[in-house]
Amino acid sequence: MAQTAAAAGAPQQISVTDLDIPQLSDVRRQLEEELNHLTNSFAQLKQAQSKFKNCVENVKEVKPENKDKPILVPLTNSLYVPGKLADTGNVIVDVGTGYFVKKTTPQAIQHYSAKITYLQSNLDTLEETITKKRENLNYLLSVMQQKLAQQQQEGKPIQAS
Amino acid sequence: MSLQVKLQNASSEYTKLQMEMSAIVEARQKLDAQLSENEVVEQEFAKLTPENVVYKQIGPVLVKQEQDDAKKDVKGRLEFISSEIKRVEAQLQDIQKRSDKKKQELVDLQAALQQAAAKAT
C-alpha cells in the first residue's frame with residue numbers, strides 16, 4: 001500500500017522521504033485541505049442525489065389512482081389549502097437556469113433517473129480520488145513519524161540539507 | 001534606507017496583484033459553473049418533443065415560452081459566457097505576467113538589501 005501511495009503521491013515531485021520535517025508538514029496541511037474539500041463535495045453530491053431520488057418517489061405518487069383524492073397544498077410552512085390532483089399524466093420539471101418543462105410522468109422519472117446515474121458516476125470517481133488521497137496522507141504521516149523518531153534518536157534536531 | 005522603502009512598496013504592490021488575481025480566478029470559476037449549467041439545459045432542450053411545453057421563470061411566475069425561443073435564448077447565453085471566459089482568461093494571463101514580474105523585482109530587492117546589510121557589518 002505504501003508503495004502505491006508513493007507512486008501516486010510523487011509523480012512530479014521528488015520522493016517524499018527526501019523532504020525535511022517542516023516541508024513534510026506543509027505537504028501534510030495541503031493534503032488535509034484537499035481531502036477536506038473533496039469530502040465536502042462528496043457529501044454535497046450525495047445530498048443532491050438523494051433529493052433526486054425523493055423526486056422520483058414523489059412523481060410516482062402522481063398516478064391516475066390518486067386523481068380527485070383530497071390533498072393539502074402547502075402555501076407557506078403553516079398554511080395549507082385543500083386541493084385535488086387535476087392532471088395525473090403530466091408534471092413540470094425544473095431543468096435549471098429558470099426553465100421548466102412539462103413532462104409526462106414516465107418522462108420525468110426517466111429525467112431524474114438519468115440525473116441520479118450521472119451523479120453516481122461522479123460520486124464513484126470522487127470516492128476513488130478520496131481513497132488515493134487518504135493513502136497518500138497515511139504514507140506521508142508514517143514517513144513523518146519515522147523522521148521524528150530518527151531525530152529523537154540522534155539526540156538533537158538536524159536540518160536536512 | 002531607500003532600498004527598504006522600495007522593498008515595502010514592491011511587496012504591497014505584489015499583495016495587491018495577488019488579491020486582484022484571486023478575484024479574477026473566482027470570476028472564472030463562476031463562469032465555468034454557469035457554462036456547465038447552461039450546457040445541461042441545452043442538452044435537456046435537445047431531447048424535447050413537441051408536446052413538452054417550456055416555461056420560463058420570471059420572478060415568482062412561470063411563463064409559457066416557445067421551444068425555439070428558449071433554445072435560442074440558451075444558445076445566446078452560452079455564446080455570451082464563452083466570450084466572457086475568453087475575456088477573463090486574457091485578464092488572468094496579463095495579471096499573471098505582471099505578478100511574476102513583481103515577484104522577480106521583490107527577489108532582486110531582497111538580495112540587494114541582504115548584500116547591503118552584509119557590507120555594513
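Derivation of every value follows stated rules applied to the coordinates shown; laboratory data play no part. Please read all numbers here as calculations on a predicted model, not as lab measurements. Cβ sites come from the backbone with ideal geometry, for glycine too, and all protein chains shown count toward neighbours.
Let me confirm one metric for peptide B:44-54, namely the mean number of other chain beta-carbon atoms within 10 Å of its residues' beta-carbons.
4
Using alpha carbons only, how many degrees (0 to 90, rounded to 10) separate the axis of helix A:21-61 from the longest principal axis of chain A?
10
Using a cut-off of 17 Å between alpha-carbon atoms, which lysines can reach A:Lys69, once sequence neighbours fewer than 8 places away in the same chain are excluded?
A:Lys60, A:Lys84
Enter the angle in degrees (range 0 to 90, nearest 10) between the Cα long axis of helix B:2-46 and the first principal axis of the Cα atoms of chain B, meaning the one along which they spread out most.
Orientation of helix B:2-46: about 10 degrees from the principal axis.
Suppose R0 equals 25 Å; then what is the FRET efficiency for B:Phe80 and B:Ala23 from their Cβ-Cβ distance, rounded to the nearest 0.05?
0.75
Mind jotting down the three principal axis lengths of segment A:39-84 based on Cα atoms? Whole angstrom, largest first.
The Cα atoms of segment A:39-84 stretch 44, 27, 7 Å along their principal axes.
If you average the C-alpha positions of segment B:10-38 and of segment A:46-96 separately, how far apart do those two centres end up, in angstrom?
Between the Cα centre of segment B:10-38 and that of segment A:46-96, the gap is 41 Å.
Sort A:Glu127, B:Glu26 so that the residue with the fewest other Cβ atoms within 10 Å of its own Cβ comes first and the one with the most comes last.
Ranked by crowding around the Cβ, least crowded first: B:Glu26, A:Glu127.
Between A:Leu45, A:Leu85, A:Leu123, find the one with the highest GNM mean-square fluctuation for chain A; connect C-alpha pairs within less than 10 Å.
Of the options given, A:Leu85 has the highest mean-square fluctuation.
Could you give the nm distance between label points at B:Ala33 and B:Asp100, where each point is 7 Å from its Cα heading toward the beta carbon?
3.0
If you add up the charges near A:Ile130, with Lys and Arg at +1 and Asp and Glu at -1, over every other residue whose beta carbon is less than 14 angstrom from its beta carbon, what do you get?
-3
Which of the lysines could be linked to B:Lys101 by a straight reach, that is with a Cα gap under 28 Å, when you skip same-chain ones fewer than 8 residues away?
Cross-link targets: B:Lys6, B:Lys16, B:Lys30, B:Lys86, B:Lys119.
Which value, to two decimals, describes the C-alpha radius of gyration of chain A once divided by 2.2 N^0.38 Å?
1.75
For A:Lys103, what residues show an amide H to amide H distance below 5 Å, using hydrogens built from the backbone and excluding near sequence neighbours?
A:Val91, A:Ile92, A:Val93
Can you spot the lysines whose alpha carbon is less than 27 Å from A:Lys147's alpha carbon? Ignore those fewer than 8 places along the same chain.
Cα-Cα hits under 27 Å: A:Lys132, A:Lys133, A:Lys156.
Using the Cα centre of segment B:2-120 as the reference point, and only Cβ charges (+1 on K/R, -1 on D/E), how large is the resulting charge dipole? Debye, rounded to the nearest 20.
The calculation lands at about 660 debye.
Which one, B:Ala46, B:Ala117, B:Ala33, projects farthest toward the positive side of the charge dipole computed for chain B from Cβ point charges (K/R +1, D/E -1)?
It is B:Ala117.
Between A:Arg29 and A:Thr117, take the C-beta separation as r, use R0 = 35 Å, and let me know the FRET efficiency to the nearest 0.05.
It comes to 0.45.
Return the calculated 222 nm mean residue ellipticity for the protein assembly as shown, to the nearest 500 deg cm²/dmol, obtained by summing -39500 (n - 2.57) across DSSP H runs with n ≥ 4 and dividing by the residue count.
Taking each H run of at least 4 residues, the total per residue is -26000 deg cm²/dmol.
7 Å from Cα along Cα→Cβ at both B:Val40 and A:Gln151: what's the point-to-point distance in nm?
4.7
As I understand it, the value is the acute angle between the Cα axis of helix B:67-120 and the longest principal axis of the Cα atoms of chain B; what does it come to in degrees, rounded to 10?
With rounding to tens, the tilt is 10 degrees.
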